[in-house]
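What follows is a short report on a single structure.
Rule-based calculations on the coordinates, nothing more; no lab input. Keep in mind it's a predicted model, so treat the numbers as computed, not measured. Note: ideal-geometry Cβ built from the backbone for every residue, glycine included; neighbour counts use all protein chains shown.
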Amino acid sequence: MLTLTSKRRRELKALAHDINPVVIIGKIGLSASIISELERGLSSHELIKIKIQIDDREARKELFEEICQQLGAAPVQQIGKILVIYRPKLDAADKPPVTPTPNKKKNWPRRTKRSFQS
């Protein structure tokens, strides 16, 4: 299981905010097909959300740890029945992580009311 610094975890939480859950785990729990789907999601996206339909809080926590152990991923966040996990891509492991820059509006010179009157 990977470990993350608090700064990196905060960045990943911000990136995961707009992501929809990739896999929904029912009350039956983990199966081989669910693990393979999680593996496929992590290999293509690096950061995924999982929704769990289990009501027991302790069972969700144990399932979260088990998923991270089996996939070699890092737990990012658990809010209720939503889990966020992260595993860097194999070819991108040696590259530094890329964080998106916020879109900033360019400050063009604004025209005033007087400039239109001439």
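Quote the FRET efficiency, to the nearest 0.05, computed for residue 11 versus residue 79 with a Förster distance R0 of 22 Å and r equal to the Cβ-Cβ distance.
Details: r = 17 Å, r/R0 = 0.76.
That gives a FRET efficiency of 0.85.
Which length gain, in nm to one decimal place, applies between residue 39 and residue 62 when the Cα-Cα distance is subtracted from 0.36 nm times their residue separation? Walk me through the numbers on the way to the answer.
Working: separation 23, 0.36 × 23 = 8.28 nm, distance 1.86 nm.
Fully extending the segment from residue 39 to residue 62 adds 6.4 nm.
Considering all alpha-carbon pairs of region 6-90, what whole percent are spaced by more than 23 angstrom? Write down the numbers at each step before the final one.
Numbers: 456 of 3570 pairs.
Counting pairs separated by more than 23 Å, the tail of P(r) holds 13 percent.
Give the calculated FRET efficiency between residue 2 and residue 115 to the nearest 0.05, with a Förster radius of 41 Å applied to their Cβ-Cβ distance. Could the numbers behind the result be given before it?
Values: r = 57 Å, r/R0 = 1.38.
The pair residue 2/residue 115 has a calculated efficiency of 0.10.
So for each of 3-12, 37-46 I average, over its residues, the number of other beta carbons within 10 Å; can you give me the resulting order with the highest mean first? Spell out each step's value before the answer.
On the way: 3-12: 12.7, 37-46: 15.9.
Packing order, densest peptide first, comes out as 37-46, 3-12.
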